[in-house]
1. Take segment 121-151 and flag every residue that is in contact (Cβ under 8 Å) with a residue 12 or more places away in the chain and part of a helix (DSSP H, G or I).
2. Within segment 257-303, count every residue that is within 16 Å of residue 368 (Cβ to Cβ), over 25 Å from the mean Cα position of the chain (by Cα) and either in a strand (DSSP E or B) or touching a residue at least 12 places away in the same chain (Cβ under 8 Å) (or both).
């Protein structure tokens with residue numbers, strides 16, 4: 001099925017899952033802090049003429065998905081697409097929150113039937129599985145007289161030199177990813193067909209702000225955000241949580257477990273973290289995470305600055321639905337140097353108050369961060385752990401025994417060869 005996406009027609013519908021950029025007309029396009037490689041699907045409407053085939057400028061390895069297309073090459077491809085002798089094409093920019101090549105080749109319910117029909121009728125279609133920062137290339141079109149407009153469902157713009165941005169970040173609670181993509185597929189088809197009734201030359205780009213898969217030290221999957229400030233990344237063995245400004249970053253392996261009295265423990269589904277925000281004061285940051293499953297639970301982690309150069313893992317406020325919030329604290333007062341993260345994998349991190357508790361596994365956190373990575377970790381396991389102390393004690397104990405034994409051996413006095421053990425002791429007197 002992947003082969004069907006390697007041919008691209010005439011309406012350039014861009015599902016851009018990269019963040020938008022600041023345009024000359026004031027439209028704010030939120031660009032990611034780091035350059036991510038995202039898939040881009042390009043096609044051109046059948047009525048468009050005089051367009052350069054975009055495929056010829058793409059290396060064969062890139063078309064096969066073995067290399068990345070950098071922003072400079074992608075800029076040239078876009079400029080070729082708009083360099084017709086006639087009127088400039090209308091650009092429809094469809095922006096997903098995140099997208100990956102796996103979304104196109106999934107067999108689950110055929111999530112893009114309408115988009116497939118559009119591609120079958122289009123020409124000059126191409127699928128680029130890995131484009132570095134496609135938004136950087138798109139903003140270069142401003143030099144060719146293009147302006148950015150946000151899509152208004154009431155009417156289409158009159159000018160053709162327009163990049164019309166259609167944001168597809170409307171994930172709904174309880175909706176699976178195939179269902180969301182299928183709904184977006186219908187929306188793309190509707191907007192695209194409406195544009196074809198008004199314009200004869202349309203370019204379409206389909207991409208995303210972020211990649212659903214990111215490669216650092218481990219492969220991660222970026223979970224779709226239910227609300228704008230919510231961001232979570234699911235690793236193969238844990239989940240990475242951070243706010244939209246990366247002020248606080250947190251990692252937890254496995255779902256947190258909330259214990260309230262004698263009731264059944266509640267396992268909070270990390271993938272249901274719908275809202276993640278940070279309330280920042282002069283000497284404290286409050287990291288709030290709202291879970292929607294199995295019930296609405298809000299966790300508010302407070303990280304105060306105790307004195308210059310150190311921060312503290314203070315307490316966490318837990319609110320289950322409409323119940324009154326409860327405040328849980330760690331048994332140990334943990335103070336961490338600034339620009340260090342706190343990590344604990346030797347045992348579970350437990351916030352407790354009476355019979356209520358919140359249990360976190362392989363917990364790591366860093367407030368006052370402002371970048372999307374952990375610094376060196378201040379670990380909960382002290383340098384001299386119990387196994388190390390036991391080993392040192394045994395070593396010292398055996399060393400003492402060995403030293404005592406050697407001293408006893410050295411104190412043994414042997415008989416002189418001239419001494420007769422059965423005879424009279426030789427006595428030598430000294431006289432003047």
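1. Looking only at segment 121-151, we keep the residues that are in contact (Cβ under 8 Å) with a residue 12 or more places away in the chain, and these are 121-142, 144-151.
Listed by number, the residues that qualify are 121, 134, 135, 136, 137, 138, 139, 140, 141, 142, 144.
2. 1
Each reported figure results from applying straightforward, stated rules to the coordinates on display, with no laboratory input. Predicted, not measured: the structure shown is a model, and the values here were computed from it. In this analysis, Cβ positions are derived from the backbone assuming ideal geometry, glycine residues included, and neighbour counts consider all displayed protein chains.
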